[in-house]
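Participant: Here's a structure for you.
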Amino acid sequence: MSNIWDELAERILGEADELDRIVRRTVNVWKRVYEDVEQQDIYLDSVALNLHGFYSGIEKLFEIIANNIDKSPLTGATWHRDLLQKMTEEMPGLRPAVINPRWLPQLDELRRFRHLVRNVYIFNIVPAKVEPIVASLPDLWSHIKDELLAFADFLSDLNNL
């Protein structure tokens, strides 16, 4: 019979596959931003939307962990940033840190970019400012994915205790 730990582990695995696709799409479309100047805005819009989706997918997993494992949903004006910080911290007796704190600056940059996409006209996004985010995305995702999968293993092991 399935329990919350197995369900969350399966959710992480499923989201990891989706996030893999988003990263591939983002990197592939980014190549077109400078190749096809006439269509640059369309490609930039696609990249921005995919970066938004990427961070939203990660944040959704973090929120599920905070709500179901930590039993402490975050609220307030800074809850998005607080949630990210919380995932870098061990919760003694509950769980290990979900991600290494070294990824916090890059994930926070993605969080801020998502906020920009949500709250600013997309045509104000400058390719030169997006470029370092896209360039670091595959490596960042590789590490975050490994840590999320290790966390999924931790959850699966809870079922065997």
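Participant: Considering each of Asn3, Asn68 in turn, give the residue that is surrounded by fewer than 12 Cβ atoms within 10 Å (Cβ to Cβ) and touching a residue at least 40 places away in the same chain (Cβ under 8 Å).
Facilitator: Asn3
Participant: In the range 148-160, which residues are part of a helix (DSSP H, G or I) and out of contact with any Phe, Trp or Tyr (no Cβ under 8 Å at 6 or more places or on another chain)?
Facilitator: Correct list: Leu148, Leu149, Ala150, Phe151, Ala152, Asp153, Phe154, Asp157.
Participant: Restricting attention to the range 20-48, which residues are free of Cβ contacts under 8 Å to residues at least 60 places away in the same chain, part of a helix (DSSP H, G or I) and either acidic (Asp, Glu) or surrounded by 15 or more Cβ atoms within 10 Å (Cβ to Cβ) (or both)?
Facilitator: Ile22, Arg25, Val29, Arg32, Glu35, Glu38, Tyr43, Ser46
Participant: Can we say His143 is part of a helix (DSSP H, G or I), farther than 30 Å from Val37 by Cα and not polar (S, T, N, Q)?
Facilitator: Yes.
Participant: With the requirement that a residue be over 17 Å from Leu140 (Cβ atoms) and in contact with a Leu (Cβ under 9 Å, 6 or more places away or on another chain), what does the range 86-114 give you?
Facilitator: Of everything in the range 86-114, those that are over 17 Å from Leu140 (Cβ atoms) and in contact with a Leu (Cβ under 9 Å, 6 or more places away or on another chain) turn out to be Lys86, Arg95.
Participant: Check off (1) more than 22 Å from Ala152 (Cα to Cα); (2) in a helix (DSSP H, G or I); (3) without any contact (Cβ under 8 Å) to a residue 40 or more places away in the chain for Leu104 and give me the number that stays unchecked.
Facilitator: Checking Leu104 against (1) more than 22 Å from Ala152 (Cα to Cα); (2) in a helix (DSSP H, G or I); (3) without any contact (Cβ under 8 Å) to a residue 40 or more places away in the chain, the one that fails is (1).
Every read-out reported here was derived from the displayed coordinates using simple, explicitly stated rules and does not represent laboratory data. Note that the structure is a prediction, hence the values are computed from the model and not measured. Positions of Cβ are backbone-derived with ideal geometry, glycine not excepted, and every protein chain shown enters the neighbour counts.
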